[in-house]
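Okay, so here's the structure we're looking at.
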Amino acid sequence: MTSYLDWVRAFCLSLPHATEDVQWEHDLLFRIAGKMFCVANLEPGISPTKIAFKCTPEKFAELVEVEGIIPAPYMARNHWVAILDMDALRQPEMKELIQGSYQMVLEKLPKRTQAALGSGVSSKPAAKPAKTEAGKSRPAKAKTTKAKTIQAMATKKKAAKAKPRRAVKRRK
């Protein structure tokens, strides 16, 4: 293995719940809950890219301006960058970016999956409670059977107001 693969593999596998898998014949994928956060090329002769990872749109725009870093093939629309030259960034910077990629992918996982992993990560703030006219918070109400009945009656009224179907004359 090339030297960069050693530290990339060790770092990615040190992240909680990270797994590795070889896919597309020569790419070592690092995933969390089946979602990729980093890809390392095992065969540098096949492709010029060394590693690829996800980043924020702002960081993506910044990184693609650096010599030795390009938008990742097939994944640029999702803000992935590919490192062509390992000297383009220092190792601590790359580790920080890979950690950021891991965190972004983790935050995009369904809440149930996050809970199963025990991450407790929430990408969105908790919903604010509804407010009354006086400005006091009140708990959100679940739909009761009465509310469902009223909604069903309103739907029936709309259907009754709709134009009746024209009768079709049958030929003898």
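The values are calculated or read from the model by the stated rules, or taken from the named source; none is laboratory data. Predicted, not measured: the structure shown is a model, and the values here were computed from it. Every residue, glycine among them, receives a Cβ derived from its backbone with ideal geometry; neighbour counts consider all protein chains shown.
Counting only residues that are basic (Lys, Arg) and in contact with a Ser or Thr (Cβ under 9 Å, 6 or more places away or on another chain), which one in the range 37-94 is surrounded by the most Cβ atoms within 10 Å (Cβ to Cβ)?
We begin by selecting, within the range 37-94, every residue basic (Lys, Arg); these are 50, 54, 59, 77, 90.
Imposing the further condition that a residue be in contact with a Ser or Thr (Cβ under 9 Å, 6 or more places away or on another chain) reduces the set to 50, 54.
Working: LYS50: 21, LYS54: 26.
Ranking the candidates gives LYS54 first.
Of the residues making up the range 36-59, just one is assigned to a helix (DSSP H, G or I) and either under 16 Å from the mean Cα position of the chain (by Cα) or under 18 Å from ARG9 (Cβ atoms) (or both), namely PRO57.
Among the helices (runs of 4 or more DSSP H) lying completely within the range 62-172, list those that include at least 2 residues that are over 21 Å from the mean Cα position of the chain (by Cα) and modelled with pLDDT of 85 or more.
Numbers: elements: 91-108, 111-117, 145-161.
Filter on the range 62-172 gives 91-108.
Output the qualifying pairs, or none if there are none: Cβ atoms under 9 angstrom, residues six or more apart or on different chains, first residue in the range 75-92 and free of Cβ contacts under 8 Å to residues at least 24 places away in the same chain, second residue among the charged types (D, E, K, R) and in a strand (DSSP E or B). Partner pairs satisfying both residue conditions: MET75/LYS54. Scanning the range 22-55 for residues that are more than 22 Å from VAL105 (Cα to Cα) and touching a Leu at 6+ places or on another chain (Cβ under 7 Å) yields HIS26, LEU42, PRO48.
Considering (1) closer than 18 Å to TRP80 by Cβ; (2) touching a residue at least 24 places away in the same chain (Cβ under 8 Å); (3) surrounded by fewer than 17 Cβ atoms within 10 Å (Cβ to Cβ), the lone condition that GLN23 does not fulfil carries the number (2).
Looking across the range 26-35 at every residue that is over 22 Å from GLU93 (Cα atoms) and in contact (Cβ under 8 Å) with a residue 60 or more places away in the chain, the one that is farthest from the chain's Cα centre (by Cα) is identified as ALA33.
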